[in-house]
1. Might you tell me the accessible area per residue for the chain, computed with a 1.4 Å probe and given in Å²?
2. Using a cut-off of 10 Å between beta-carbons, work out the net charge of the residues near Ala129 (Lys and Arg +1, Asp and Glu -1, Ala129 not included).
3. Along its three principal axes, how long is the chain when you only count alpha carbons? Whole Å, largest extent first please.
4. Order 136-143, 152-159 from most to least packed using the mean count of other Cβ atoms within 10 Å.
5. Under a 1.4 angstrom probe, counting protein chains only, how are Thr48, Thr80 ranked by accessible area, largest first?
6. Which whole-number percentage describes the relative contact order of the chain, with Cα contacts under 8 Å and a sequence gap of 6 or more?
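The values are calculated or read from the model by the stated rules, or taken from the named source; none is laboratory data. Predicted model, so just to flag it, every value in this text is computed and none were measured. Positions of Cβ are generated from backbone atoms using ideal geometry, with glycine treated the same way; all protein chains shown enter the neighbour counts. Surface areas here come from the heavy atoms of the whole protein model, side chains and all, with no ligands, DNA or RNA. Shrake-Rupley method; radii C 1.70, N 1.55, O 1.52, S 1.80 Å.
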Amino acid sequence: MKIRPATDADRDAIWNIFHEVVGAGDTYALDPNISREDALAYWFAPGTHTHVAEINRESVGEADSFPGTAANPNHVIAGTYILQPNQSGGGSHVANAGFMVSASSRGQGLGRAMAEHCLSEARRLGFRAMQFNYVISTNTAAIRLWQDLGFEIVGMLASAFRHPDKGYVDVYVMYRSLREK
């Protein structure tokens, strides 16, 4: 696996993963019918550090059905993340991030690898903390990962997300310091 900054050549692969994840409507508070143009504008917004995770084509079998093709023909893009300031001005020292892994690559440690890379990048860029503003309570794999990586639930928004199958569910605000203790 290789995690690297995204390039314009990665846009199709990122769109495919984005469309798959957001289209499900169960982990992001984004319109499941968001256009490609709007999705990529969001994922590549100014001030956002966008990364991709490439894996060997052989590890996913036939790439024809895989959502993300990398520039290197021996690799496919299996995940992506963004890192950005959570707020501007006086809140710009706190990072925010978003992660997406293709369905065919889940459960293989890709999310953890991207999260650890992201935390390292956030420190390198000078962020002092990281905050997730809207972690949907039914996304238990993500919550478990964030807690394993030192994030705490610091707030709850009752019934703030309309899940396509479970109705109104809670949303968590999660936070951790990036300063050495």
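1. Result: 52 Å² of accessible area for each residue.
2. Net charge in that neighbourhood comes out at +3.
3. 42, 40, 30
4. The packing order, highest mean first, is 136-143, 152-159.
5. Putting Thr48, Thr80 in descending order of accessible area: Thr48, Thr80.
6. This gives 19 percent for the chain.
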